[in-house]
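Have a look at the structure that comes next, please.
The values are calculated or read from the model by the stated rules, or taken from the named source; none is laboratory data. Fair warning: this is a prediction, and the values are worked out from it, not measured in the lab. All Cβ positions, glycine included, derive from the backbone under ideal geometry; neighbour counts span all protein chains shown. Remember, those area values only see protein heavy atoms, side chains included, never the ligands or the DNA or RNA. Shrake-Rupley method; radii C 1.70, N 1.55, O 1.52, S 1.80 Å.
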Amino acid sequence: MTVEKERTTIVLFSGDLDKAIAAFIIANGAAAYDHEVTIFFTFWGLNTMRKDEVVKTDKGMLEKMFGWMMPRGPRKLGLSKMNMAGMGPKMIKHVMKKHNALTLPQLIELAQEQGVKLVACTMTMDLLGLQKEELIDGMEYAGVAAYLGDATEAKVNLFI
Amino acid sequence: MTVEKERTTIVLFSGDLDKAIAAFIIANGAAAYDHEVTIFFTFWGLNTMRKDEVVKTDKGMLEKMFGWMMPRGPRKLGLSKMNMAGMGPKMIKHVMKKHNALTLPQLIELAQEQGVKLVACTMTMDLLGLQKEELIDGMEYAGVAAYLGDATEAKVNLFI
Amino acid sequence: MTVEKERTTIVLFSGDLDKAIAAFIIANGAAAYDHEVTIFFTFWGLNTMRKDEVVKTDKGMLEKMFGWMMPRGPRKLGLSKMNMAGMGPKMIKHVMKKHNALTLPQLIELAQEQGVKLVACTMTMDLLGLQKEELIDGMEYAGVAAYLGDATEAKVNLFI
């Protein structure tokens, strides 16, 4: 007899540091409670999963502009409130360090260790001109249909 | 024997172009999977459903001010990030066109064709002084109780 | 035989007046339909529950700065859109009064009367240096595990 696992899905639409932290704390919490967890990264949320080095790609002009303007990975994200030209994120990172809270890159690593399914929205990647080589390793690539498949099996479905 | 249809509900609170696109892509995806889908438009989300012409109405001063300041329909919405005084929405629309992605007005039309229930929050309409004639045809009008009735039957409930 | 009550949970992450109003309207609506309702206040959402007087506390410099910069309670929150240096919130409060809509402080009071469980995220309180004495009376204090416990029992789970 198999017991069905609980499921949790999160759409991470936002590219804000504070919202990404909240998403990964909920995802890691749910995984620790043995839920099967999916995070579906779409629009600005994809920036959370970018590598922080520049990756050489062959792109059109507009896609290059998006690439330059959007933050490269979890260390470069701003805050949704009180960003204050980058001082806000520094303050948040400082208090997180002081309280021994996991940083966003550590939360991402923990999610991967716990088997959280990290799915990049292929439609948005096309639109923003993001290529697989620019995202961290171990991502899955799918569209909204795959997200809905997981969400329909889940009780906790959040859009962040 | 009837099989119960899956249900999906979305509260569209935001009046940002990118969030409205995400909401309608998820709604249309769910409808394509034969879910019964409700989008409940509240606060700034109502602007998504405004007609783009000026509609003559009889309003108080404050309601007129809200009417002037808020964007008139899906073609006028800004982005939640990188709006850059309107250049961001232009860029997004340009790449969407290039990739043959449906525009927001087309996504709205598709949702109507697929029978997605589009519900305007009457309480917010009162507050912002929006009148039925100002919204596109085919909307339903209801309050939070109707939304909760649908959401309680659904597994995928998102607030966008 | 006991009938299980429906459950609804809301994560209130945002510290915007309009989003807090939406959260409490949904919460009060669900409570009126006899749902067990939990609002989990995290990050900027905690500001909604701050007392509006200055509370004397013993804090580090950075925590004091967060305390000064963040709004003190529901009367001080700004809008997510059209804040216009405080004119937006004044306009919204004016139209709400005109339409006899409940103010945010009244919505909070109603939620407490209806037995909505108001839970402050202890991890964020640590990070932002918020202390129990600074929040309104009658709150519960817990972490993400408690939230997930409630959310797993609920069908309507929103992140606002």
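Compute from the Cα atoms of chain A the Rg and the Dmax, the latter being the longest Cα-Cα distance, and quote both in angstrom.
Expressed in Å, the Cα Rg and Dmax of chain A come to 15.9, 56.
Can I ask one more? Ignoring ligands, DNA and RNA, what percent of the 1.4 Å accessible area of region C:7-159 is carbon and sulfur?
53
Only helical DSSP H runs with n ≥ 4 go in: add -39500 (n - 2.57) per run for the protein assembly as shown, normalise by residue count and round the 222 nm mean residue ellipticity to 500 deg cm²/dmol.
Result for the protein assembly as shown, helices only: -12000 deg cm²/dmol.
Taking amide hydrogens as modeled 1.01 Å from N in the peptide plane, which residues meet the under 5 Å criterion relative to residue C:159, leaving out close sequence neighbours?
Hits under the 5 Å cutoff: A:159, B:159, C:11.
In nm, one decimal, shortest first: how far is the label point of residue B:145 (7 Å from Cα along Cα to beta carbon) from the matching points in the other copies?
In ascending order, 4.1, 4.1 nm.
Can you tell me the accessible area per residue over the protein assembly as shown, all protein chains present, probe 1.4 angstrom, in square angstrom?
Heavy-atom accessible area per residue stands at 43 Å².
Considering chain C as a Gaussian network with a 10 Å cut-off on Cα pairs, which listed residue, C:129, C:149, C:88, attains the greatest mean-square fluctuation?
Among C:129, C:149, C:88, the largest GNM mean-square fluctuation belongs to C:149.
Another question, if that's okay. Projected area of the protein assembly as shown, taken from the Cα convex hull and averaged over every viewing direction, in nm²?
Average of the hull's projected areas for the protein assembly as shown equals 24.4 nm².
Total accessible area buried between chains C and B, 1.4 Å probe, in Å² to the nearest 100? Before the final figure, lay out the partial values.
Working: alone 9400 and 9430 Å², together 16350 Å².
Summed over both sides, the interface buries about 2500 Å².
Moving on to the next point. If you keep only loop residues by DSSP, which trypsin sites (Lys or Arg not before Pro) in region A:47-126 have at most 10 other Cβ atoms within 10 Å of their Cβ?
Taking region A:47-126 and a limit of 10 other Cβ atoms within 10 Å, the loop trypsin sites (Lys or Arg not before Pro) found are A:56.
If we hang a label 7 Å off Cα along the beta carbon direction at residue C:94, how far is it from the matching labels on the other copies, in nm, shortest first?
Here residue C:94 shows inter-copy label distances of 4.0, 4.0 nm.
Residues of region C:27-45 that become at least 50 Å² less accessible with every protein chain present than in their own chain isolated, using 1.4 Å: which are they?
Going by heavy-atom accessible area, the residues of region C:27-45 that drop by at least 50 Å² are C:43, C:44.
Whole-Hz ³J(HN,Hα) for each residue in region C:54-60, computed from phi via Karplus 6.51 cos²θ - 1.76 cosθ + 1.60 with θ = phi - 60°, x for glycine and proline: what do you get?
Taking θ as phi minus 60°, the curve returns 6, 9, 6, 9, 9, 10, x Hz for region C:54-60.
Shifting gears a bit: Counting other Cβ atoms within 10 Å of each Cβ, which GluC sites (Glu not before Pro) in region B:1-110 have at most 11 and sit in a DSSP loop?
B:4, B:53
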